[in-house]
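The values are calculated or read from the model by the stated rules, or taken from the named source; none is laboratory data. Predicted model only: the values in this text are computed from it and were never measured. Note that each Cβ is placed from the backbone with ideal geometry, even for glycine, and that neighbours are counted across all protein chains shown.
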């Protein structure tokens, strides 16, 4: 990459990311999640009472009202404070799990910690802290992981893997060598579960096998088909050179459905969190039938939070109801039933 004379701060980069996600089309141009290739087998005689459908589940010792979770998005800038506060209140109201965006900004500058403050608005939610795994090759270690968890009173720590995003950022950190041993050290040293998370390009089966061996407690596949972070970086590229590099990867990645199947094969004993391009409760139902435990949404929640707390509340109620209708229409009363539901690919079994 060519030299950048005035590298942006972590905080300014976060502002760019929020504005671009809200104002520009950052979806994959052609590559999809793969969810359109699957459909749940309709059951016209479900023998289920809609009023008794149960979408609750337990994860990391906490009972959740729904498998829908608010995926990691933002923090590290004052602009994020309003969004995180709205999302926190909604998560508390509906008893959903929620993650914050990368906390590197707050670890480096604790004056930015307030932008990640979810606990005061959501004292009871299942809350995920978040750091980039590549930082272990740039001075981070157990202490920074502990600090990220402590700063927000988190119940678990996400370690996110964003190889392609870092590679196309002019200021990106690109030494991803020898990280699995460091992940294993974190997993054995922390007193909270560690979640491995991609950011929109998915994990392969071997990736999931390696991460399970390193000791992670869950895998968020974050597959391709939703927000493309190479597109985000393309829009904030400071030069034509950087824009051209990022543009070549606009349809790169492992579709979300493939990533779920890879995780189920590579880490069959771990909970799979499905994210990356989910848009409806039917998408969540399909992901669970494919092997996921939960379904996460980022972009739709950010756009709703940009509107109002009422818009976020409405979105959650719509998603939960869509999921329940899908369960009724497949003869499933519980999420365990849904995991065994017949799912058809490309019109056939």
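For the residues 88, 106, the requirement of being part of a helix (DSSP H, G or I), in contact (Cβ under 8 Å) with a residue 24 or more places away in the chain and out of contact with any helix residue (DSSP H, G or I) (no Cβ under 9 Å at 6 or more places or on another chain) singles out 88.
Looking at region 180-278, the helices (runs of 4 or more DSSP H) lying wholly inside it that each contain 3 or more residues that are surrounded by 22 or more Cβ atoms within 10 Å (Cβ to Cβ) and at pLDDT below 95 sit at 229-235. Being farther than 16 Å from residue 65 by Cα, under 17 Å from the mean Cα position of the chain (by Cα) and not in a helix (DSSP H, G or I) holds for only one residue in 304, 292, and it is 292. Name the residues in region 66-79 that are crowded, with 24+ Cβ neighbours inside 10 Å and assigned to a loop (DSSP other than H, G, I, E, B), would you? Selection gives 67, 71, 72, 73, 74, 75, 76. Just one of the listed residues (309, 288) is more than 17 Å from residue 36 (Cα to Cα) and either in contact (Cβ under 8 Å) with a residue 40 or more places away in the chain or crowded, with 16+ Cβ neighbours inside 10 Å (or both), and it is 309. When restricted to residues that are modelled with pLDDT under 85 and in a helix (DSSP H, G or I), region 7-38 contains 14.
When residue 41 is tested against (1) modelled with pLDDT of 95 or more; (2) in contact with a strand residue (DSSP E or B) (Cβ under 8 Å, 6 or more places away or on another chain); (3) surrounded by 19 or more Cβ atoms within 10 Å (Cβ to Cβ), exactly one condition is not met: (3). Only one entry of 135, 165 meets the criterion of being within 27 Å of residue 304 (Cβ to Cβ), surrounded by 17 or more Cβ atoms within 10 Å (Cβ to Cβ) and under 20 Å from the mean Cα position of the chain (by Cα), and that entry is 165.
Among the residues examined, residue 63 does not qualify as at pLDDT 90 or above, in a strand (DSSP E or B) and in contact with a strand residue (DSSP E or B) (Cβ under 6 Å, 6 or more places away or on another chain). Any residue at all in region 134-155 that is assigned to a strand (DSSP E or B) and touching a helix residue (DSSP H, G or I) at 6+ places or on another chain (Cβ under 8 Å)? No - not one qualifying residue is present in region 134-155.
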